[in-house]
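*Asks:* Provided herewith is a single structure, encoded as structure tokens, for subsequent inquiry.
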Amino acid sequence: MSEDLAALAAATEAALAAADDLRAWDAVRVGVLGRNGSLTALLKGLGQVPADQRKDRGAALNRLKTSLEAAIEGRRVALDGAALDARLLAEKLDVSLPPRPGLPGGEGGIHPISRTLEELTALFGAMGFAVAEGPDIESDWLNFSALNIPEHHPARQDHDTFYLPAGADGRRPVLRTHTSPVQARTMLGQAPPIRVIVPGRTYRADHDATHSPMFHQVEGLVIDRGIHLGHLKGCLVDFLRAFFGIADLPVRFRASYFPFTEPSMEVDIGWSRKTGELGKGGDWLEILGSGMVHPRVLANCGIDPREWQGFAFGMGIERITMLKHGMPDLRPFYDSDIRWLRHWATNPLAPPSLAEGV
Ligand code: PHE
């Protein structure tokens, strides 16, 4: 190979080795093979070469062109590979790591419904309540009849019940319309004294900004000797003030009706209709249903009402969560929208602590 060709080969090799990204590589490629490239110039100059040397010179130039093209392509493949390696390294994700709260996106955070469940368990746990559970698909006897809601009772219509196809006994199971059937399950399954809360999914054929066909309730049931309204009031006032974190939250008990409690009371908390702020403002907001367990319900569940008394209460978990945090709409709870979750999720490594206030 003549000296100028050897020099071009060496210069190109050095320039390729120095090109450490695709941009620099492309500059080398254009500088050699492009329209005004150094090799292109040599090929154009072939016409000026004396005729007796032209054949050898042409063959040498073609060999050089082939080898330079190969070297340039080889460098591109190497740079592509290195770029991919760097990307894979930078985007590496260790899926075996535990959730890391405090990441910019808050991944692994606790859903507000789960958070409220944790808070309920902590608060009522401190008052001596255990957690009981029951199935979502329930017999109409436990969902209604055992609770003193006989067939053709108007309260059955109030519930917009989802019925399932009839079973072997000809009766249609229901998706439970409240957590109250677990009152009956608990009383049938264990002897008093009883002190349980029952968080769980409930279903009603209803859907708008404040109703979802599936939602959550928490039930409470206390059965013991000598239980009276004062116990009910004390328990619920303590709970509501601790849950909402307002020591002087106004709480009002208003006479109401549920077939399974007598007397029955709906409970309101003080708030401002204008600003939505809880605890002040002079307006009242209904928050839960409660009452003394109806003697007929105790008897239906094999408990002697002359010896044992009790109180029960039930409330919507979405509702108290929305009120506590000022959330306007119930539907995003179930949308799995990552932006909403990032905003509302809480740190999984900081479970509710009574010492800090929930
Ligand atoms: N089960 C009632 C409801 O869903 C709430 C309630 C529970 C009322 C326990 C009284 C006692 O509306």
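The values are calculated or read from the model by the stated rules, or taken from the named source; none is laboratory data. This structure is a prediction, so every number in the text was calculated from the model and none was measured. With ideal geometry, Cβ positions are generated from the backbone for all residues, glycine too; neighbour counts draw on all protein chains shown. To get the accessible areas, we keep the full protein, side chains included, count just its heavy atoms, and leave off ligands, DNA and RNA. Shrake-Rupley method; radii C 1.70, N 1.55, O 1.52, S 1.80 Å.
*Asks:* Criterion first (surrounded by fewer than 16 Cβ atoms within 10 Å (Cβ to Cβ), under 24 Å from GLY81 (Cα atoms), in the same structural domain as GLU69 (by TED's automatic domain parsing) and in contact (Cβ under 8 Å) with a residue 24 or more places away in the chain) does LEU22 satisfy it?
*Replies:* Details: surrounded by fewer than 16 Cβ atoms within 10 Å (Cβ to Cβ): yes; under 24 Å from GLY81 (Cα atoms): yes; in the same structural domain as GLU69 (by TED's automatic domain parsing): yes; in contact (Cβ under 8 Å) with a residue 24 or more places away in the chain: yes.
Criteria met by LEU22.
*Asks:* Can I ask one more? Does LEU117 qualify as being in contact with a His (Cβ under 9 Å, 6 or more places away or on another chain) and either more than 13 Å from the ligand (Cβ to nearest atom) or in contact (Cβ under 8 Å) with a residue 40 or more places away in the chain (or both)?
*Replies:* Yes; evaluated as a whole, the condition is true for this residue.
*Asks:* Right, another one. Has the range 127-137 got at least one residue that is at pLDDT 90 or above, more than 30 Å from LEU188 (Cα to Cα) and open to solvent by 30 Å² or more (accessible area, probe 1.4 Å)?
*Replies:* For the range 127-137, residues at pLDDT 90 or above, more than 30 Å from LEU188 (Cα to Cα) and open to solvent by 30 Å² or more (accessible area, probe 1.4 Å): absent.
*Asks:* Failed condition for ALA83, given (1) modelled with pLDDT of 80 or more; (2) open to solvent by less than 70 Å² (accessible area, probe 1.4 Å); (3) in a loop (DSSP other than H, G, I, E, B), with all others met?
*Replies:* Among (1) modelled with pLDDT of 80 or more; (2) open to solvent by less than 70 Å² (accessible area, probe 1.4 Å); (3) in a loop (DSSP other than H, G, I, E, B), the lone unmet condition for ALA83 is (3).
*Asks:* Can you pull out every residue in the range 151-190 that is hydroxyl-bearing (Ser, Thr, Tyr) and open to solvent by less than 70 Å² (accessible area, probe 1.4 Å)?
*Replies:* Selection gives THR161, THR177, THR179, SER180, THR186.
*Asks:* Does at least one position in the range 163-182 carry a residue that is closer than 22 Å to ARG254 by Cβ, away from the ligand (no atom under 14 Å from the Cβ) and at pLDDT below 95? Walk me through it before giving the result.
*Replies:* Going through the range 163-182, the residues closer than 22 Å to ARG254 by Cβ turn out to be 178-180.
Now narrow it down to the ones that are away from the ligand (no atom under 14 Å from the Cβ): none.
Looking through the range 163-182, none of the residues is closer than 22 Å to ARG254 by Cβ, away from the ligand (no atom under 14 Å from the Cβ) and at pLDDT below 95.
*Asks:* Among the listed residues LEU123, LEU142, identify the single one that is touching a helix residue (DSSP H, G or I) at 6+ places or on another chain (Cβ under 8 Å) and either assigned to a strand (DSSP E or B) or crowded, with 21+ Cβ neighbours inside 10 Å (or both).
*Replies:* Result: LEU142 is the single residue among LEU123, LEU142 that is touching a helix residue (DSSP H, G or I) at 6+ places or on another chain (Cβ under 8 Å) and either assigned to a strand (DSSP E or B) or crowded, with 21+ Cβ neighbours inside 10 Å (or both).
*Asks:* GLY234 passes all but one of (1) part of a helix (DSSP H, G or I); (2) within 16 Å of the ligand (Cβ to nearest atom); which number fails?
*Replies:* (2)
*Asks:* Which one of the conditions (1) farther than 21 Å from LEU123 by Cα; (2) within 33 Å of the chain's Cα centre (by Cα) does PRO352 fail to meet, given that it meets all the rest?
*Replies:* Only one criterion in (1) farther than 21 Å from LEU123 by Cα; (2) within 33 Å of the chain's Cα centre (by Cα) is unmet by PRO352, namely (1).
*Asks:* Something else: Identify, please: which residue in the range 53-96 is of a type in the set (Asp, Glu) and under 21 Å from ALA6 (Cα atoms) and is, among those, farthest from the chain's Cα centre (by Cα)? Spell out how you get there, then give the answer.
*Replies:* Kept after step one, since they are of a type in the set (Asp, Glu), are these residues of the range 53-96: 56, 69, 73, 80, 85, 91, 94.
Narrowing the set further to residues that are under 21 Å from ALA6 (Cα atoms) leaves 56, 69, 73.
Details: ASP56: 75, GLU69: 55, GLU73: 49 Å.
This residue is ASP56.
*Asks:* Give the residues of the range 262-288 that are of a type in the set (S, T, N, Q) and either within 20 Å of ILE317 (Cβ to Cβ) or loosely packed, with under 14 Cβ neighbours inside 10 Å (or both), sorted by residue number. Walk me through it before giving the result.
*Replies:* To start, the set of residues in the range 262-288 that are of a type in the set (S, T, N, Q) comprises 264, 272, 275.
If the condition is that a residue be of a type in the set (S, T, N, Q) and either within 20 Å of ILE317 (Cβ to Cβ) or loosely packed, with under 14 Cβ neighbours inside 10 Å (or both), then THR275 is the only one that fits.
*Asks:* If a residue has to be modelled with pLDDT under 85 and of a type in the set (Gly, Ala, Ser) to count, how many in the range 301-358 make the cut?
*Replies:* The total comes to 4.
*Asks:* Still on this structure, please answer the following. Working only within the range 231-261, note down all residues that are more than 22 Å from VAL297 (Cα to Cα), open to solvent by 60 Å² or more (accessible area, probe 1.4 Å) and out of contact with any Phe, Trp or Tyr (no Cβ under 9 Å at 6 or more places or on another chain).
*Replies:* Residues satisfying the conditions are ASP238, ARG241, GLY245, ALA247, ASP248.
*Asks:* Out of the range 255-300, which residues are part of a loop (DSSP other than H, G, I, E, B) and either in contact with a Leu (Cβ under 9 Å, 6 or more places away or on another chain) or at pLDDT 95 or above (or both)?
*Replies:* PRO259, PHE260, SER272, ARG273, GLY276, GLY279, HIS294
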